[in-house]
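> Below is a structure I'd like to ask you about.
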Amino acid sequence: MTEALDHRAARRSELCLELEAAARRLKATAPDSADRALAAVEFAEIHDAVLALGEELH
C-alpha cells in the first residue's frame with residue numbers, strides 16, 4: 001500500500017511541474033488565439049489530474 005501511495009505522490013509532483021509549464025504556455029499565448037484555447041484545455045486537464053491525485057493521497 002505504501003508503494004502505491006509513494007507512486008501517486010511522485011506522479012503528483014511530476015504533474016505539478018507539468019502544470020507550471022502549462023501555466024507558462026498559457027500566459028505566453030495571445031488572448032484570442034487557438035493556441036491559447038489549447039493551452040487552457042491542457043492546463044485544465046493537468047490541474048484536474050493534480051487535484052484527483054491529491055484527493056487520493058488524503
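The values are calculated or read from the model by the stated rules, or taken from the named source; none is laboratory data. Treat the numbers as computed from the prediction; the structure is a model and nothing was measured. We place every Cβ from the backbone using ideal geometry, glycine too, and count neighbours over all the protein chains shown. The accessibility values were calculated without ligands, DNA or RNA, using every heavy atom of the protein model including side chains. Shrake-Rupley method; radii C 1.70, N 1.55, O 1.52, S 1.80 Å.
> List pairs: first in segment 33-51 and within 19 Å of Arg12 (Cα to Cα) and of a type outside the set (Gly, Ala, Ser), second open to solvent by 80 Å² or more (accessible area, probe 1.4 Å) and assigned to a helix (DSSP H, G or I), Cβ under 7 Å, 6+ apart or cross-chain?
Within 7 Å, the pairs are Val50/Arg12.
> Take Arg12 and decide whether it is free of Cβ contacts under 8 Å to residues at least 60 places away in the same chain and open to solvent by 80 Å² or more (accessible area, probe 1.4 Å). Walk me through it before giving the result.
Values: free of Cβ contacts under 8 Å to residues at least 60 places away in the same chain: yes; open to solvent by 80 Å² or more (accessible area, probe 1.4 Å): yes.
Against the criterion (free of Cβ contacts under 8 Å to residues at least 60 places away in the same chain and open to solvent by 80 Å² or more (accessible area, probe 1.4 Å)), Arg12 qualifies.
> Report the residue count in segment 15-45 for those that are open to solvent by 90 Å² or more (accessible area, probe 1.4 Å), under 8 Å from the mean Cα position of the chain (by Cα) and not charged (D, E, K, R).
Initially, segment 15-45 is screened for residues open to solvent by 90 Å² or more (accessible area, probe 1.4 Å), giving 17, 20, 24-25, 27, 31-32, 35, 38, 45.
After this cut, where a residue has to be under 8 Å from the mean Cα position of the chain (by Cα) as well, the list is 17, 20, 45.
Checking the rest, the ones that are also not charged (D, E, K, R) come to 17.
So the answer is 1.
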